[in-house]
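One structure below.
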Amino acid sequence: MALRIHTYPHNPRVWKALIAAKYNNVKVEVVEVQMGVDNKTPAFLKMNPLGKVPVLETPVGPVFESNAITKYIARMRNDTGLLGGSFYEQALVDQWLDFVTNELETARGMWLYPVLGFFKFSLDAYTAGKNNTLNALRVLNEYLATNTFLVGKSVTVADLAAYTTIVGLFTTLVGEDERKKLPNLVRWFNTVGHQKQVQAVVGDVTFCKTETLAKDHVAAAESKSDAPAAAGAAGAKGKYVPTPEQVAAAAKKKEQQQKEAAEKAAAKAAQAAADAEEAEAAKAAKVKEPNPLDSLPPSTMALDDVKRKFFQSKPFNADYFPATFFKEFDNAGYCVFECKFKYEDDLKNTTQACNLVDGFVNRCEAVRKYAFGVVHLQGNAIAGSDDFSSTSESGLFIFRGDKIIKEMTDVDDFVEFDWVQLDVTNSADQAKIVTHLTGNKIGNYDVFYRKYIK
Ligand SMILES: N[C@@H](CCC(=O)N[C@@H](CS)C(=O)NCC(=O)O)C(=O)O
C-alpha cells in the first residue's frame with residue numbers, strides 16, 4: 001500500500017511532508033478531506049481522535065501530527081540527510097522543528113487567522129501575535145547571518161518546516177519594509193525556495209508589499225468606544241434595557257461609523273499604495289553608485305563575446321578555449337582563479353551535493369556581469385546506482401580586473417572555497433582551464449555535474 005496523506009488542498013503543514021517525499025523519492029497519495037464533513041466521520045476519528053488534518057496512512061497504521069509525519073517520510077532514506085547527520089545535528093533539527101511549532105506557528109496563527117477570516121479580530125491577540133512572530137523571525141535572521149541552512153550544509157526537515165510556515169507570512173503579513181530588516185532570512189528563504197523539490201510542491205512565492213489587515217481590524221479599533229453601551233444593552237435582570245428605538249438608533253450609528261471607517265481604511269490603503277509607488281520611482285531614479293569595474297581601462301576582450309563564442313555550439317564549442325581564447329586573452333584586463341570546495345564531507349550525498357552547486361550558482365547572480373565561471377562535481381561512479389563516492393567540488397572563474405571581484409566575495413559561499421590564481425600564459429594552467437570548462441574527468445574522477453555562471 002502506498003502512503004496516503006489526508007488533508008485539505010494547499011495545507012502548509014502537508015507541504016513539508018510532501019517536499020520530504022520528493023527529496024526521498026517516496027510516493028505519497030494525497031486524499032482530499034472536506035473539512036467539517038470527512039474529518040468528523042468515525043473512520044477518520046479512528047485515525048486521529050482530534051479530527052484534525054493531516055493524517056498519514058501507512059501500511060502499519062495511521063500517524064497524525066505533521067512533524068511526526070514529515071519525520072516518518074524523511075526517515076525512509078538515510079542518505080538524503082533530511083534529519084541531520086551527526087547526533088548533535090539531529091538534536092538541532094528537533095530544536096528548530098520545536099521552535100517553528102511552538103514559537104513561530106502559534107504566534108503566526110494569532111496574527112494570520114483573523115486576516116483569513118478564521119477568527120474574530122482582537123487587538124490584544126493581534127499585537128501579541130505580530131510581536132511574537134516578528135521576534136521569532138528576528139531570531140532566525142540572526143542565526144542565518146552565519147549559516148546557509150538551519151542545520152549543517154544542506155536542507156533538512158527543519159528548513160522545510162520553517163519555510164512552509166514562513167510562506168504565508170511573506171505573502172500576506174510581513175511587508176517589504178519588515179522584510180528589509182530580515183535580509184539573511186530572505187536570502188535563506190530564496191535558497192530553500194529555489195530547490196527543485198520545494199518548487200515542485202509549493203511553486204513560486206509572490207511576496208506582499210504591505211501587511212494585509214483583517215476586515216474587522218479597523219472597524220474594531222474605531223468602534224472600541226461603543227463597548228460600554230453594548231454591555232449596557234445586554235439586558236440582564238435589574239439593569240437598564242434600551243427601547244427598540246434606542247437599539248435601532250445605536251445600530252444606525254454603528255453602521256455609519258463602520259461606513260466611515262471603511263472609507264478611511266480605503267483612503268489610507270490608496271495613500272499607502274501611492275507612497276509605495278513614489279518610493280519605488282524615487283529608488284529607480286536614484287543614480288546608482290558607479291562600479292569601479294566599469295571605469296577600468298577598456299579591454300580588447302569582452303566577456304560576453306567569450307561566452308557567446310564558447311556556447312555557439314551545443315553543449316559548448318570545445319575548440320574555442322584551446323584554439324582562440326588563450327590567443328585573445330587580455331591579461332591586463334582579466335584574471336583567472338581556480339576554486340575548490342573545502343568541505344568534502346558535505347558532498348557525500350549526491351542529490352544534496354547537486355543542490356549545493358545549484359544554490360551557489362543561484363547566489364552568483366550579481367557575479368555574472370563581470371565574470372564567467374564554472375562549478376562541477378566529480379567522483380567515482382558506483383556501479384548499479386545513481387550515486388557517486390569520493391565526491392569533490394571545484395571550479396574556475398574569469399573575473400574582470402586583476403583580483404577576485406567584490407560581487408564574488410560578497411556571496412556567502414565564497415569562504416567555503418580555497419581560491420588559487422592561474423597563469424593564463426602557462427601551458428599547465430591552460431590545460432586546467434580547459435579541463436574545468438569542458439573535461440569529462442578531473443584526475444581519475446568522473447565529472448558528473450557541471451553548471452556555468454554566464
Ligand atoms: N499540530 C497539528 C495541528 C493540526 C491542525 O491544527 N490541523 C487543522 C488544519 S491545519 C485542523 O485539522 N483543524 C480542524 C479542526 O480543528 O477541527 C499538526 O501539526 O498536524
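Every read-out reported here was derived from the displayed coordinates using simple, explicitly stated rules and does not represent laboratory data. Since the structure is predicted, the reported quantities are computational estimates derived from the model, not experimental observations. All Cβ positions, even for glycine, are placed from backbone atoms using ideal geometry, and neighbour counts span all protein chains on display.
Could you give the DSSP H helices of the chain that reach 24 angstrom or more along their long axis (alpha carbon positions) and whose average Kyte-Doolittle hydropathy is no lower than -0.5? Intermediate values should be presented prior to the final figure.
On the way: long enough: 123-143 (30 Å, -0.43); 244-285 (61 Å, -0.81).
Qualifying helices: 123-143.
Calculate the FRET efficiency for Lys180 and Ser427 from the Cβ-Cβ distance with a Förster distance of 45 Å, rounded to the nearest 0.05. Kindly include the intermediate steps, with their values, before the conclusion.
Working: r = 50 Å, r/R0 = 1.11.
After rounding to 0.05, the efficiency reads 0.35.
Taking the range 312-417, which trypsin sites (Lys or Arg not before Pro) meet the DSSP loop condition and have no more than 14 other C-beta atoms within 10 Å? Each step should come with its number before you reach the end.
Numbers: sites: Lys327, Lys340, Lys342, Lys348, Arg363, Arg368, Lys369, Arg400, Lys403, Lys406; in loops: Lys342, Lys348, Lys403.
Filter output for the range 312-417: Lys342, Lys403.
Which residues in the range 116-151 have a backbone N closer than 13 Å to a point placed 7 Å from the Cα of Arg187 along the Cα-to-Cβ line?
Taking a point 7 Å out along Cα→Cβ of Arg187, the residues of the range 116-151 whose backbone N falls under 13 Å are 141-149.
To the nearest 20 debye, what is the magnitude of the charge dipole of the chain about its Cα centre, counting +1 on the Cβ of each Lys and Arg and -1 on the Cβ of each Asp and Glu? Don't jump to the answer; show the numbers that get you there.
Working: 54 positive and 56 negative charges, 237 e Å.
In debye, rounded to 20, the chain gives about 1140.
Using the beta-carbon distance between Thr171 and Ser86 and R0 = 30 Å, what value does 1/(1 + (r/R0)^6) give for FRET efficiency, to the nearest 0.05?
Values: r = 35 Å, r/R0 = 1.16.
The computed FRET efficiency comes out at 0.30.
Give the lysines reachable from Lys348 as a straight Cα distance under 18 Å; neighbours fewer than 8 places away on the same chain don't count.
List returned: Lys153, Lys340.
Which distance in Å, rounded to a whole number, links the C-alpha centroids of the range 414-431 and the range 114-130?
That distance is 57 Å.
Counting other C-beta atoms within 10 Å, which of Val63, Val93, Val167 has the fewest, and how do the rest follow? Could you put the intermediate results ahead of the total?
Values: Val63 21, Val93 25, Val167 17.
Fewest-to-most Cβ neighbours within 10 Å comes out as Val167, Val63, Val93.
Taking θ = phi - 60°, what integer Hz values does the Karplus form 6.51 cos²θ - 1.76 cosθ + 1.60 yield along the range 289-295, in sequence order, with x for Gly and Pro?
4, x, 8, x, 5, 6, 9
Quick one: of Lys22/Lys71; Lys369/Lys432; Lys22/Lys52; Lys130/Lys215; Lys16/Lys342; Lys215/Lys254, which pairs are farther than 19 Å apart, Cα to Cα? The partial results should precede the final answer.
Working: Lys22/Lys71 13 Å; Lys369/Lys432 23 Å; Lys22/Lys52 24 Å; Lys130/Lys215 16 Å; Lys16/Lys342 30 Å; Lys215/Lys254 16 Å.
Going by Cα-Cα distance, Lys369/Lys432; Lys22/Lys52; Lys16/Lys342 fall outside the 19 Å limit.
What does the extension gain come out to for Gln95 and Ile382, with contour length at 0.36 nm per residue minus their alpha carbon separation? Show your work: numbers first, answer last.
Details: separation 287, 0.36 × 287 = 103.32 nm, distance 3.50 nm.
This chain segment gains 99.8 nm when fully extended.
Could you check the simple spin-label distance between Asp204 and Leu116, using points 7 Å along Cα→Cβ, in nm with one decimal?
According to this spin-label approximation, the distance is 2.4 nm.
Before rounding to the nearest 500, sum -39500 (n - 2.57) across all DSSP H runs of length at least 4 in the chain and divide by the residue total; then give [θ] at 222 nm in deg cm²/dmol.
Calculated at 222 nm, the ellipticity per residue is -13500 deg cm²/dmol.
Taking the Cα centre of the range 87-202 as origin, sum charge times position over the Cβ atoms of Lys and Arg (+1) and Asp and Glu (-1), and report the length of that vector in debye to the nearest 20.
Roughly 340 debye for the range 87-202.
For the pair Gln271/Ser392, report the inter-label distance in nm, with labels modelled 7 Å from Cα in the Cβ direction.
6.4
Residues with amide H under 5 Å of Glu211's amide H, sequence separation 5 or more or different chain, H placed in the peptide plane at 1.01 Å from N; which?
Answer set, sorted by chain and number: Gly175.
Between Asp79 and Asn331, what is the spin-label point distance in nm, taking each point 7 Å from the Cα along the Cα→C-beta axis?
Placing both labels 7 Å along Cα→Cβ, they lie 4.6 nm apart.
Taking the Cβ-Cβ separation of Thr300 and Glu365 as r and a Förster radius of 35 Å, what is the calculated FRET efficiency to the nearest 0.05?
Numbers: r = 27 Å, r/R0 = 0.78.
About 0.80, to the nearest 0.05.
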